[in-house]
Amino acid sequence: MLSISLLACHSNGRYPDAQQGKLIASASAYEFIDIDGTRHLLKDVKGAYKLLVFYDPEAEESLALIAAMKQSVPLAKGVASGKVNVVAICVNGDLSHWNTYREHIPSQWINGFDLNGERGVESYFFLSSFPRLVLLNDAHEEVKTAMGLDALIPFLEKSMYP
């Protein structure tokens with residue numbers, strides 16, 4: 001019986017997308033600070049959808065994802081209409097590096113920093129790597145998790161404009 005259990009737990013280290021952003025604790029209680037140092041809870045973020053972008057300002061993948069997000073017309077329409085609120089949260093690095101990176105985060109987005117780093121994120125979201133996109137609905141329930149915009153934008157467009 002033990003050998004069967006061990007074989008069942010063996011994997012390639014990747015998790016299916018359905019499990020990538022599985023919530024561990026209530027996302028509404030997730031805490032971060034904004035660029036002014038003010039503490040916020042995710043439950044205070046308004047909008048039909050909250051698009052969380054967990055990123056590392058020193059990682060090329062994070063820079064590329066944020067650049068692609070800034071160029072996305074459907075995402076810009078969602079933000080402009082008030083249906084989507086983007087929260088970019090730095091989970092790696094120190095405050096000084098995050099402050100120097102802030103010019104890359106659009107002013108229409110919430111620019112956040114997790115004082116607990118990856119440990120803080122792990123309490124609320126099961127994420128295997130960064131950058132990562134997590135889409136929440138207005139009840140702070142996970143709707144979709146993705147590594148890039150290609151998987152997320154068509155889903156978001158269908159949800160915003162059925």
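Restricting the first residue to segment 46-75 and requiring it to be farther than 13 Å from residue 110 by Cα and without any contact (Cβ under 8 Å) to a residue 40 or more places away in the chain, which pairs with a second residue that is assigned to a helix (DSSP H, G or I) and of a type in the set (Gly, Ala, Ser) meet a Cβ separation below 9 Å and a spacing of at least six or different chains?
These pairs meet every condition: 70/76.
Going residue by residue through segment 125-145, is there one that turns out to be open to solvent by 40 Å² or more (accessible area, probe 1.4 Å), under 17 Å from residue 39 (Cβ atoms) and touching a residue at least 24 places away in the same chain (Cβ under 8 Å)?
no
State all residues of segment 76-97 that are surrounded by fewer than 21 Cβ atoms within 10 Å (Cβ to Cβ) and assigned to a helix (DSSP H, G or I); if no residue qualifies, say none.
The initial filter retains those residues of segment 76-97 that are surrounded by fewer than 21 Cβ atoms within 10 Å (Cβ to Cβ), namely 76-77, 79-83, 85, 92-97.
Passing the criteria: 76, 77, 79, 80, 81, 95, 96, 97.
Would you mention how many residues in segment 47-75 are open to solvent by 10 Å² or more (accessible area, probe 1.4 Å) and over 15 Å from residue 112 (Cα atoms)?
The total comes to 17.
Anything in segment 45-75 that is assigned to a helix (DSSP H, G or I) and closer than 16 Å to residue 147 by Cα? List them, or say none.
First, the residues of segment 45-75 that are assigned to a helix (DSSP H, G or I): 60-71, 73-75.
Result: 60, 61, 62, 63, 64, 65, 66, 67, 68, 69, 70, 75.
Examine segment 111-120 for a residue that is aromatic (Phe, Trp, Tyr), touching a helix residue (DSSP H, G or I) at 6+ places or on another chain (Cβ under 9 Å) and modelled with pLDDT under 85, and state whether such a residue exists.
Initial filter on segment 111-120 (aromatic (Phe, Trp, Tyr)): 113.
Now drop any that are not touching a helix residue (DSSP H, G or I) at 6+ places or on another chain (Cβ under 9 Å), which leaves 113.
Among the residues that remain, those that are also modelled with pLDDT under 85 are: none.
No - not one qualifying residue is present in segment 111-120.
Determine which single condition residue 157 fails, assuming it passes every other condition in (1) open to solvent by 60 Å² or more (accessible area, probe 1.4 Å); (2) within 12 Å of the chain's Cα centre (by Cα).
(2)
Considering only segment 100-116, state which residues are surrounded by 15 or more Cβ atoms within 10 Å (Cβ to Cβ) and either in contact with a Ser or Thr (Cβ under 6 Å, 6 or more places away or on another chain) or not in a loop (DSSP other than H, G, I, E, B) (or both).
101, 104, 110, 111, 112, 113
The values are calculated or read from the model by the stated rules, or taken from the named source; none is laboratory data. Predicted, not measured: the structure shown is a model, and the values here were computed from it. Glycine gets a Cβ as well: all are built from the backbone with ideal geometry, and neighbour counts include every protein chain shown. Calculation scope for accessible area: heavy atoms of the full protein, side chains included, ligands and nucleic acids excluded. Shrake-Rupley method; radii C 1.70, N 1.55, O 1.52, S 1.80 Å.
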